[in-house]
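Since the structure comes first, as structure tokens, the remarks are kept for the end.
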């Protein structure tokens, strides 16, 4: 695991041949010369497995300081994936959120061996709860709250479906909390480890919630889907868990997927199988405790 | 138009039955067309029309009679008109096409 490497060894690999980190089914080769990024990487990925070279990496990521005036005037950081720079540089102090977003982008663009849902995914009692939602529905906040109450984190962003057998694959990573959600989770889970706040990002203020060790250690263990719950946070709304029929769930899920169309027939078959095998609901909520009680009851029924 | 064409009439055929993949949920169907990559959610009426056309191409009148088979009610003229509209919608969705029979 990364925590087993000394700071110097970690620094050396990042600067030289690359650090090979395992996250879920993926191996990421990471190189960086950003000093401020390394302590955060070690904090948030300390329990993640390190793969020894030679190994085949799925993603080749570099975080670099661009040359020229931006090396010292309002210094910046650049994200490169497989040698290409898909984004404009960020300010240097935002290297960690840039790494997280960049890797998410890379997965969404490239990992088409899986059906990818835009959803939080957590597990309890051997079955997976899928929370598909587009931004603004409270997906990450609800996911963080569930994980703080003992659910195993699969991902706050990707529902990875192995199309061959329909199993869900874990991809635990730090959960980015945004704006008001940061204090919501601080209050809800005072023992949770939340990293520094990054202000002025494209999504406002972002702070990362550390992944529980147990979720990282079990990141190689898939689980079958059990429940499909489409969350909808509405301030002041009473809790309401409404069952939905299979055609409605199918439409919502297919539209929510990053790569449903690209998957072709196997995407259709994977989504129909998910819809058939899961209990399906829309969850409207404003109170996290009430939402979690309801989802716990659903899982324990 | 030559004599042989005068004997023909305008009918309907399913575009490509082999590329359609069905999933049935109660009285609704999900249909994936691997030719176009499109997914359709269809009511039972559309599904039955497509399934009937996959047996053989036919006119709206013949299709109406086939669908009414086994029913106590006579096949009304308005049902044929309804089917014609439905067939046109299915053509717009890329699932059927007109054909000379």
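The values are calculated or read from the model by the stated rules, or taken from the named source; none is laboratory data. Keep in mind the model is a prediction, meaning the values are calculated, not measured. All Cβ positions, even for glycine, are placed from backbone atoms using ideal geometry, and neighbour counts span all protein chains on display.
Taking region A:168-185 as the range and being assigned to a helix (DSSP H, G or I) and touching a residue at least 24 places away in the same chain (Cβ under 8 Å) as the test, the residues that pass are A:181, A:182, A:184, A:185.
Checked against the criterion of being in a helix (DSSP H, G or I) and either modelled with pLDDT of 95 or more or under 22 Å from residue A:157 (Cα atoms) (or both), region A:43-57 has at least one qualifying residue. In region B:23-41, the qualifying residues are those that are in contact with a strand residue (DSSP E or B) (Cβ under 9 Å, 6 or more places away or on another chain) and more than 10 Å from every other protein chain (Cβ to nearest Cβ), and the one that is farthest from residue A:271 (Cα to Cα) is B:35. If you take the residues in region A:191-222 that are buried (at least 17 other Cβ atoms within 10 Å of the Cβ) and out of contact with any strand residue (DSSP E or B) (no Cβ under 7 Å at 6 or more places or on another chain), which one is farthest from residue A:145 (Cα to Cα)? In this case the residue turns out to be A:201. Of everything in region A:258-301 that is away from chain B (no Cβ under 14 Å) and assigned to a loop (DSSP other than H, G, I, E, B), the residue that is surrounded by the fewest Cβ atoms within 10 Å (Cβ to Cβ) is A:301.
Here's the yes/no breakdown for (1) within 24 Å of residue A:194 (Cα to Cα); (2) in contact with a strand residue (DSSP E or B) (Cβ under 6 Å, 6 or more places away or on another chain); (3) in a strand (DSSP E or B); (4) in the same structural domain as residue A:208 (by TED's automatic domain parsing):
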{"residue": "A:34", "(1), (2), (3), (4)": "yes, yes, no, no"}
{"residue": "A:41", "(1), (2), (3), (4)": "yes, no, no, no"}
{"residue": "A:60", "(1), (2), (3), (4)": "no, yes, yes, no"}
{"residue": "A:73", "(1), (2), (3), (4)": "no, no, no, no"}
{"residue": "A:88", "(1), (2), (3), (4)": "no, no, no, no"}
{"residue": "A:94", "(1), (2), (3), (4)": "yes, yes, no, no"}
{"residue": "A:98", "(1), (2), (3), (4)": "yes, yes, no, no"}
{"residue": "A:102", "(1), (2), (3), (4)": "yes, yes, no, no"}
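If you go through region A:223-257 and pick out every residue that is assigned to a loop (DSSP other than H, G, I, E, B) and either within 14 Å of another protein chain (Cβ to nearest Cβ) or crowded, with 19+ Cβ neighbours inside 10 Å (or both), you end up with 2.
Is region A:178-186 home to any residue that is loosely packed, with under 15 Cβ neighbours inside 10 Å and in contact with a helix residue (DSSP H, G or I) (Cβ under 8 Å, 6 or more places away or on another chain)? The answer is no; no qualifying residue exists. For region A:147-164, the count of residues that are assigned to a helix (DSSP H, G or I), at pLDDT 95 or above and either surrounded by fewer than 17 Cβ atoms within 10 Å (Cβ to Cβ) or not assigned by TED's automatic domain parsing to the domain that holds residue A:92 (or both) is at least one. Take the conditions (1) free of Cβ contacts under 8 Å to residues at least 40 places away in the same chain; (2) within 14 Å of another protein chain (Cβ to nearest Cβ); (3) surrounded by fewer than 16 Cβ atoms within 10 Å (Cβ to Cβ); residue B:71 misses just one of them, which is (2). Comparison of A:9, A:15, A:3 shows that the only residue that is surrounded by fewer than 17 Cβ atoms within 10 Å (Cβ to Cβ) and under 24 Å from residue A:85 (Cβ atoms) is A:15.
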